[in-house]
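Participant: Submitted below is the structure of interest, expressed as structure tokens.
The values are calculated or read from the model by the stated rules, or taken from the named source; none is laboratory data. Just so we're clear, the structure is a prediction, and the values are computed from it rather than from any experiment. So basically every Cβ, Gly included, is an ideal-geometry build from the backbone, and we count neighbours across all protein chains shown. Areas reflect the complete protein model, heavy atoms only, side chains present, ligands, DNA and RNA absent. Shrake-Rupley method; radii C 1.70, N 1.55, O 1.52, S 1.80 Å.
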Amino acid sequence: MLAGAAAGMATPVITSAIGGTPALAAPLEANGFRGRPRPRRITLFAEELPGDMVGYGLAPGEATVPGPVLEMWEGETLEIQLVNNTDHRLSIHPHGVEYDTESDGSPLNDSFNAPGECRTYVWRSRTPYRAEDGAWMPGSAGYWHYHDHAMGTDHGTEGLTRGLYGALVVRRRGDILPDRQYTIVFNGTTINNRVAPEAPIFEARLGERVEFIAISHGNSPHTFHLHGHRWADNRTGMLAGPDDPTPTIDNKDLNPGSSFGFQVIAGKGVGPGAWMYHCHMQVHSDDGMTGLFLVRNEDGSLPPGAEEALRRYHAHFS
Amino acid sequence: MLAGAAAGMATPVITSAIGGTPALAAPLEANGFRGRPRPRRITLFAEELPGDMVGYGLAPGEATVPGPVLEMWEGETLEIQLVNNTDHRLSIHPHGVEYDTESDGSPLNDSFNAPGECRTYVWRSRTPYRAEDGAWMPGSAGYWHYHDHAMGTDHGTEGLTRGLYGALVVRRRGDILPDRQYTIVFNGTTINNRVAPEAPIFEARLGERVEFIAISHGNSPHTFHLHGHRWADNRTGMLAGPDDPTPTIDNKDLNPGSSFGFQVIAGKGVGPGAWMYHCHMQVHSDDGMTGLFLVRNEDGSLPPGAEEALRRYHAHFS
Amino acid sequence: MLAGAAAGMATPVITSAIGGTPALAAPLEANGFRGRPRPRRITLFAEELPGDMVGYGLAPGEATVPGPVLEMWEGETLEIQLVNNTDHRLSIHPHGVEYDTESDGSPLNDSFNAPGECRTYVWRSRTPYRAEDGAWMPGSAGYWHYHDHAMGTDHGTEGLTRGLYGALVVRRRGDILPDRQYTIVFNGTTINNRVAPEAPIFEARLGERVEFIAISHGNSPHTFHLHGHRWADNRTGMLAGPDDPTPTIDNKDLNPGSSFGFQVIAGKGVGPGAWMYHCHMQVHSDDGMTGLFLVRNEDGSLPPGAEEALRRYHAHFS
């Protein structure tokens with residue numbers, strides 16, 4: 001996060017403390033990664049939040065919507081001790097990784113936390129492997145996500161609606177790490193349970209490598225569009241080389257239960273400024289599924305026009 | 001199909017005779033494949049079924065919803081003699097393969113069966129080929145589907161609603177064949193024209209290679225999610241090698257007219273159990289677009305907890 | 001465009017003057033391409049059209065819906081002088097290319113044309129490049145699009161609804177050029193702001209290489225299906241070679257703000273004829289999101305059955 005509000009801005013625009021994500025974890029170093037590591041253990045706390053929201057957090061009183069980005073290296077095992085500090089049944093269900101039915105997070109498999117209960121979920125990951133018949137089967141690396149699967153319905157519809165979701169990144173050895181990292185969840189017709197002008201403003205300095213993890217929940221189809229930046233439509237958002245035939249895109253379907261991620265170099269070729277991101281379904285963007293990617297100058301100052309753009313963003317929707 | 005219900009299960013849970021697919025065809029052996037084969041001929045019968053459904057079948061009285069999986073090797077030609085044993089205009093229209101306008105299956109091209117009529121449709125497939133200008137053009141291999149294009153409207157809307165659809169697999173030489181194969185059609189807000197607790201329960205034994213062919217029809221967008229298993233988002237669901245940049249996914253858009261397929265190794269890394277599959281749009285999953293992938297132990301017995309999960313599945317939705 | 005109506009056709013069926021696109025630009029030759037070229041300059045005119053439509057055109061009085069296909073070679077810069085000959089605020093916003101905030105086309109960045117105003121927008125493109133950290137970042141080549149982002153709302157909802165959109169193709173050196181080129185925009189529940197029987201009929205002769213650029217706007221999800229033809233789901237629609245694992249498809253999600261393109265060889269393997277293309281959501285196709293790809297004989301004459309198919313197309317929907 002960039003510290004504080006820039007000089008001269010009339011209104012507070014930095015909502016990243018609410019809508020953004022905590023500082024980058026350093027999974028390699030934190031885990032003493034050597035080949036197949038021993039399980040890494042974390043504790044998550046599910047808690048009620050103002051505005052009828054519920055969030056996951058890494059410490060009591062620190063729950064956010066979305067929850068913290070969880071990171072694993074491909075091959076790692078992660079043990080999550082989930083503490084349910086709410087009065088509702090809830091759980092944590094991951095996408096992309098491997099887990100026994102006990103860690104499924106579904107009421108179907110009796111895998112959830114009763115109110116007040118503490119329960120451990122175990123997630124495993126693996127590198128691509130060769131099956132007995134010679135086929136190469138996929139590994140776990142990817143931009144995934146986790147979410148409740150038990151509050152309100154057997155599919156966690158109430159938990160999802162209220163904010164029990166977050167990003168899960170499984171990295172392959174050699175993957176390039178970003179300077180900054182942001183989670184964008186199209187949840188119903190909100191972004192991270194907010195709408196403009198309260199939708200997240202994600203910040204970076206010109207030239208920084210920024211990672212976006214896009215996730216969707218709810219009942220509606222969406223498309224995610226980012227102004228001024230684009231990415232390759234594959235696992236990393238980057239190319240294997242100059243002849244890689246992967247399509248370049250700047251607008252991608254983002255439908256419930258799906259996720260993708262990519263990295264851009266902030267302002268590369270387009271300069272600093274206030275760049276919109278939004279759902280490209282018109283009724284959704286017009287109704288507030290619109291936020292900003294604020295690319296500052298290298299020294300952290302605002303480029304010409306950015307302050308006015310921020311004012312327009314706040315004035316239009318409020 | 002696994003035989004019968006396991007000991008101790010109070011209620012019948014094996015709906016695969018209704019919602020599943022017949023045993024795997026063996027297209028190579030059945031056809032005496034040598035280079036470009038002579039046309040293979042089959043006869044399909046379209047018939048009314050209980051519950052206001054209509055299905056295709058390989059013999060009179062054997063129609064199912066979805067219809068039988070049709071398989072071709074890339075390069076093969078398939079001649080389908082369609083017998084219309086209903087009182088409605090109907091047809092068969094394939095995706096992915098080549099056909100003259102006479103075999104289009106559309107009223108636009110006067111290509112359909114009147115009530116009681118027998119008509120032959122010819123489908124051809126080809127390997128990737130080099131065009132005169134040097135470009136490599138795609139082959140026919142893929143997880144495709146076939147469906148009515150004439151009942152009710154010129155687009156076959158009534159036929160689709162009532163169940164006139166099925167999977168078409170065109171395999172490339174060298175493709176790995178599965179041990180089991182299941183067709184999943186998100187049709188409107190049903191799965192194979194059923195909803196939970198009558199949605200299909202697909203079964204396998206731990207370690208078996210299982211092929212899923214996912215298809216969608218109707219008016220609604222969907223996403224297909226499978227618990228505990230994932231696949232590569234490409235033609236086969238597997239990788240070309242350990243460095244293949246294809247994304248791994250476990251949730252994929254499944255919208256009308258589209259299809260995809262993939263193979264998983266049942267329970268690999270996660271163990272046997274009752275694994276949910278469902279549309280990830282919450283209102284759809286809550287309303288019954290939820291079924292089970294039941295992975296049994298290697299000896300065919302149920303693993304701990306599976307019976308309870310099956311009971312919960314039936315109790316919750318009924 | 002094929003000239004005129006064929007002998008013997010009772011009704012005029014060639015709507016390509018309305019729904020199609022102008023003749024192929026020749027960006028290489030027109031621009032004297034040598035390495036990184038100097039900016040190429042064009043002028044676009046936004047004008048009101050009959051039927052409450054608004055279009056872009058390359059000369060006064062020549063506006064169409066969709067607007068002209070704009071083409072760039074990867075590495076080129078394009079300067080668009082946009083003349084607003086309407087009484088409404090409007091702009092031009094591109095996908096896929098690079099632009100400063102001044103050329104964003106969004107009211108957020110004060111980037112639009114007031115009524116009567118002339119304003120220049122600059123779009124840049126680049127080949128794939130290696131970032132300082134060694135990663136290969138994507139280039140600009142792709143089947144993109146441009147559209148209004150200012151009329152009616154800050155997202156241009158009125159402009160989009162009324163027809164202010166068009167295709168933008170950025171080609172990589174070595175890309176194969178088509179013989180014909182057509183733009184298909186699923187806009188709301190229309191195709192190029194038309195519905196059957198007025199939806200576009202795209203024509204080609206047997207064996208011609210035809211490029212389709214598919215775009216979507218509005219609020220609805222769609223899937224694009226083409227009868228008798230299929231393509232590879234990547235940047236070009238073609239394969240890198242015979243072992244390319246890219247899926248072959250003939251039905252693809254086409255949701256607001258997204259675009260894709262591909263080339264087919266007209267009638268290859270299926271012969272000439274009237275081939276339907278349509279949204280595969282049944283209520284959309286039944287309501288008129290259906291047009292034709294009319295593949296004539298090599299000499300330009302109509303093949304057997306095509307005239308009847310054209311008559312049925314017109315009779316059914318009118």
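Participant: Give the lysines reachable from A:Lys268 as a straight Cα distance under 30 Å; neighbours fewer than 8 places away on the same chain don't count.
Facilitator: Answer for A:Lys268, where 30 Å is the Cα cut-off: A:Lys252, listed by chain and number.
Participant: Placing unit charges on C-beta atoms (Lys and Arg positive, Asp and Glu negative, everything else neutral), compute the dipole magnitude of region C:166-318 about its Cα centre in debye, rounded to 20.
Facilitator: Magnitude of the dipole: close to 300 debye.
Participant: Restricting to region C:30-171, what percent of DSSP beta bridges are antiparallel, rounded to 5?
Facilitator: 70
Participant: While we're on this one: Excluding ligands and nucleic acids, what accessible area in Å² is computed for B:Thr157 using a 1.4 Å probe, to the nearest 10?
Facilitator: Surface accessible to solvent at B:Thr157 totals approximately 30 Å².
Participant: Another question about this same structure. Under unit Cβ charges (Lys, Arg +1; Asp, Glu -1), what dipole magnitude, rounded to 20 debye, does the protein assembly as shown have relative to its Cα centre? Walk me through the numbers before you get to the answer.
Facilitator: Values: 75 positive and 114 negative charges, 398 e Å.
I would put it at about 1920 debye.
Participant: How big is region B:30-171 along each principal axis, measuring the range of its Cα positions in Å and listing the largest first?
Facilitator: The principal-axis extents, from largest down, are 50, 32, 22 Å.
Participant: Kirkwood Rh over Cα pairs of the protein assembly as shown into Stokes-Einstein at 10 °C, 1.306 mPa s: D in µm²/s?
Facilitator: Numbers: Rh = 28.6 Å.
Diffusion coefficient, whole number: 56 µm²/s.
Participant: Students sometimes get this wrong: rank C:Glu79, C:Glu48, C:Glu62, C:Glu158 by accessible area, probe 1.4 Å, all chains present, largest first.
Facilitator: C:Glu62, C:Glu48, C:Glu158, C:Glu79
Participant: Just B:Leu168, B:Leu44, B:Leu177 to compare: in a GNM of chain B, with alpha carbon springs under 10 Å, which one fluctuates most?
Facilitator: Among B:Leu168, B:Leu44, B:Leu177, the largest GNM mean-square fluctuation belongs to B:Leu177.
Participant: Take every DSSP beta bridge whose two residues both sit in chain C, then give the antiparallel share in percent to the nearest 5.
Facilitator: Here the share of antiparallel DSSP bridges comes out near 65 percent.
Participant: Say the dipole of the protein assembly as shown comes from +1 at the beta carbon of Lys and Arg and -1 at that of Asp and Glu; which of B:Tyr129, B:Pro256, B:Gly57 then lies farthest toward its positive end?
Facilitator: Looking along the dipole axis, the top candidate is B:Tyr129.
Participant: Once each part is reduced to its C-alpha centroid, what is the distance from region C:70-101 to region A:58-97 in angstrom?
Facilitator: A separation of 45 Å, based on Cα centres.
Participant: Assuming R0 = 25 Å, can you tell me the calculated FRET efficiency for the pair C:Cys118 and A:Ala315, based on Cβ-Cβ distance, to the nearest 0.05?
Facilitator: E(calc), rounded to 0.05, equals 0.35.
Participant: Between the label point of A:Pro60 and that of the same position in each other copy, find the distances and list them shortest first in nm, with every label point placed 7 Å from Cα along the Cα-to-C-beta direction.
Facilitator: 7.5, 7.5
Participant: Can you tell me the length gained on complete extension of the stretch A:Ser301 to A:Val283, counting 0.36 nm per residue apart and subtracting the Cα distance?
Facilitator: 3.1 nm is the gain from fully extending A:Ser301 to A:Val283.
Participant: Pick from A:Thr246, A:Thr190, A:Thr43: which residue has the top mean-square fluctuation in a GNM of chain A where Cα pairs under 10 Å get a spring?
Facilitator: A:Thr246
Participant: Using a label position 7 Å from Cα in the Cα→Cβ direction, what is the ascending list of nm distances from B:Asp243 to the same site in the other copies?
Facilitator: Listed shortest first, these distances are 1.3, 1.3 nm.
Participant: Would you kindly work out, in nm and rounded to one decimal, the distances from the label point of C:Arg41 to those of the same position in each other copy, ordered shortest first, with label points 7 Å along Cα-to-Cβ?
Facilitator: Label-point distances to the other copies, shortest first: 7.1, 7.1 nm.
Participant: In terms of the ratio Rg/(2.2 N^0.38 Å) built on C-alpha atoms, what value belongs to chain B?
Facilitator: Normalised Rg, Cα atoms only: 0.99.
Participant: Could you state the number of Å between the C-alpha centres of region A:126-203 and region A:254-318?
Facilitator: Taking the Cα centre of region A:126-203 as reference, the centre of region A:254-318 is 20 Å away.
Participant: What are the ³J(HN,Hα) couplings of region B:240-253, residue after residue, when phi is run through the Karplus curve with 6.51, -1.76, 1.60 and θ = phi - 60°? Round to Hz, x for glycine and proline.
Facilitator: These are the phi-based 3J(HN,Hα) values: 6, x, x, 9, 4, x, 4, x, 8, 9, 9, 8, 9, 4 Hz.
Participant: So in the protein assembly as shown, what percent of DSSP beta bridges are antiparallel if you round to the nearest 5?
Facilitator: Working: 150 of 222 bridges.
Counting only bridges with both partners in the protein assembly as shown, antiparallel ones make up about 70 percent.
Participant: Given a 10 angstrom Cα cut-off, can you work out which residue in C:Arg180, C:Arg235, C:Arg89 is the most mobile in a GNM of chain C?
Facilitator: Among C:Arg180, C:Arg235, C:Arg89, the largest mean-square fluctuation in the Gaussian network model of chain C belongs to C:Arg235.
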